Amino acid sequence: MKSVDYKLFFAVVFLVIFGMIMISSVSVYGSFRVTSVMVQNGLLSDPYNYFYVLRNISHVLIAMVMLGVVVKIPYTFFEKYSKYFFGASLVLLIIVLLIGSSWNGARWWINLPFLPFAIQPTEFLKFSLIIYLAFFFKKYKHLLHTFSDGFLPFCLIIGIVLLLVGLQPDFGTIMVVIPVAVIMFFMAGANIKYLLSLIVIWMILSVGIYSAGEYDKETGKNLNKLGYITQRIDNFLSDEKKAIENKTINYQTEQALIAIGSWWFAGLGFGQSVQKFGYLPEVQGDFIFSVIVEELGFLGAFFLLSIYVYIGYRGFLISSHVKDSFASYVAVWVSSWILLQACINIGVNLNIIPLTGITLPFVSYGGSSLLALTLWLAVLLNISRSVETTSKFARLNRKKFVFLR
């Protein structure tokens, strides 16, 4: 059996280890607060500072076990059963609407007793949607330019996804899934004349969702499920003076910018962040990049971004050297998605994109996110076994690792 792309594998492993190290630094205050509440509820005897670190280690261990299993499964298995994976994701989206845990008026998670974290179905939807669209585009490539057999079926698929995700609602997933799916559609050979129609539909839906959202501008309390979406957009468009005067407006983003603005060339030093001590909420999640810059400065940020670019490069290289169109579609879209998600997360931290709730891939704290990303990595590594042996790409690391063979 051919070897996988070890350069890609170790680049991702580096990100995961880097994320674990940074979470150990940024989550000290958050861990103490969480465990203090647990002490008050009689669940612990004493609070401690490594709650999120321990949970993150458990996430990584589960992800590594899953990687070792899934990487041995031929990618053709996912092609064959792509409809079932996609169908299962839709079922999970329906279940989360019925029994999912609520937060800020939205239902995003399903609690499972045998896992140390709640499952977020939208993370796995991203994976299943990619493999299903790759299957669909390969099978019906000759019909994608038609209206009845190409455009309408694609709109039906995306419409179902948009409806179920919108009912939660999950603004971040909608912001990423729909544009990427449309790009995938036209990259696969769809008629360009339908692009304008999809853009118009997207604009109408966006305006409708924004207009339907209601929230109290004084307290920031959402008055309906779409309120938080409208609030985030308003917050993004609000002026800085108003944001500073009223902490319900853009507070998290303002604190992130303070963290980023505190860095020197090499940062304040590992573990020396100020913003992580309660000023920047949930810093181990969506806003971990801000504290990375605060502690490690330009050098740390540049090195982190370089790793993401390299992962994207390896993925595009894999895509260009496989003959099977399904494998090529999956490789390029998975790589693009990882890069896009990283760009959106960093854009939110820099306040050039509205708050989305999207994690920094392989770095931010989050069990569902890490498992979904691990699935993508496993399939991508398996596809890398199918590269042309006569190409330059075949000259990979020749060392043999039983774990990935």
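Listing for the model above:
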quantity	calculated
Search result, residues across the range 194-225 that are surrounded by 13 or more Cβ atoms within 10 Å (Cβ to Cβ) and closer than 22 Å to residue 155 by Cβ	194, 195, 198, 201, 202, 205, 206, 209, 210, 212
Residues being closer than 21 Å to residue 366 by Cβ and either free of Cβ contacts under 8 Å to residues at least 12 places away in the same chain or among the hydrophobic types (A, V, I, L, M, F, W, C) (or both) - total across the range 34-68	15
Residue in the range 166-185 that is over 25 Å from residue 360 (Cβ atoms) and free of Cβ contacts under 8 Å to residues at least 60 places away in the same chain present	yes
Unique residue being modelled with pLDDT under 90, under 22 Å from the mean Cα position of the chain (by Cα) and closer than 23 Å to residue 20 by Cβ when the list is 280, 340, 305	280
Subset of the range 146-188 that is modelled with pLDDT under 80 and not in a helix (DSSP H, G or I) - its residue that is farthest from residue 355 (Cα to Cα)	168
Scope the range 92-133; condition modelled with pLDDT of 85 or more and part of a strand (DSSP E or B); matching residues	none
Check on residue 286, closer than 19 Å to residue 373 by Cβ and of a type in the set (Asp, Glu)	yes
Considering residues of the range 233-267 that are among the charged types (D, E, K, R) and at pLDDT 75 or above only, the residue nearest to residue 281 (Cα to Cα)	254
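The values are calculated or read from the model by the stated rules, or taken from the named source; none is laboratory data. From a predicted model like this one, the values you see are computed outputs, not experimental measurements. Here the Cβ is made from the backbone with ideal geometry for all residues, glycine too, and neighbour counts use every protein chain on show.
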